[in-house]
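The structure appears right after this line, and notes come after that.
The values are calculated or read from the model by the stated rules, or taken from the named source; none is laboratory data. Predicted, not measured: the structure shown is a model, and the values here were computed from it. A quick note on method: Cβ atoms are made from the backbone with ideal geometry, for glycine too, and the neighbour counts reach across all protein chains shown. For accessibility, only protein heavy atoms count, side chains too; no ligands or nucleic acids. Shrake-Rupley method; radii C 1.70, N 1.55, O 1.52, S 1.80 Å.
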Amino acid sequence: MSLFKKISNLLKKDNKEEDSYFDNFFIDKFEQLPKEGDFPISQYQAFKLAEQDGNLKSDFFKNADLFISYLDFTDCKIELIKKDNKQYWLIKITDGDISSIYTDEEGNSTFTDGKLGEDSLKKLQCLIDVNTGEYIYYPE
């Protein structure tokens, strides 16, 4: 659970408000994904598979031109596609936070924090088989 969500929960308990401002501000978009559906692997399960260690973040690290120290997904788009007579959830990360470190030839390091850019988002895509959960890295 994120620090902000924990703070929101504490404030809600203290104020005894049912509909706190923080409830809408800190909604976890991924928890809102459908957890059941017409396929053995739901959109929620597909995202969780993509997010696992060794999958989308690892493939992005391998293909990025940066030394990444932190990566967090904050939004995505999921759509059903057919490819090679199979059906997949196409997961496209549409927003996220990134931190990186750059060291120049003289050994000076620059640390950056920010949002994922358009070029990075193109590399943050994958397919998840709707029946088996098989992960396939699928950058544009």
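What are the residues whose amide H is under 5 Å from the amide H of residue 116, where those residues sit 5 or more places off or on another chain and H is modelled from the backbone?
96, 97, 98
Please work out how much accessible surface residue 102 shows to a 1.4 Å probe, ignoring ligands, DNA and RNA, in Å² rounded to 10.
Solvent-accessible area, nearest 10 Å²: 140 Å².
How much net charge surrounds residue 83 when only other residues with a Cβ under 13 Å from its Cβ are counted (Lys, Arg +1; Asp, Glu -1)? Numbers along the way, then the final one.
On the way: positive: 82, 86; negative: 79, 84, 129, 134.
Once positives and negatives cancel, what remains is -2.
Suppose every K and R has +1 on its Cβ and every D and E has -1 on its Cβ; what is the size of the dipole of the stretch 73-140 about the Cα centre, in Debye to the nearest 20?
Charge dipole of the stretch 73-140: 540 debye, to the nearest 20.
Highest first, please rank the peptides 58-66, 103-111 by the mean number of other Cβ atoms sitting within 10 Å of their residues.
58-66, 103-111
Measure off, as a whole percent, the carbon and sulfur share of the 1.4 Å-probe accessible area of the stretch 49-133, all protein chains present.
44
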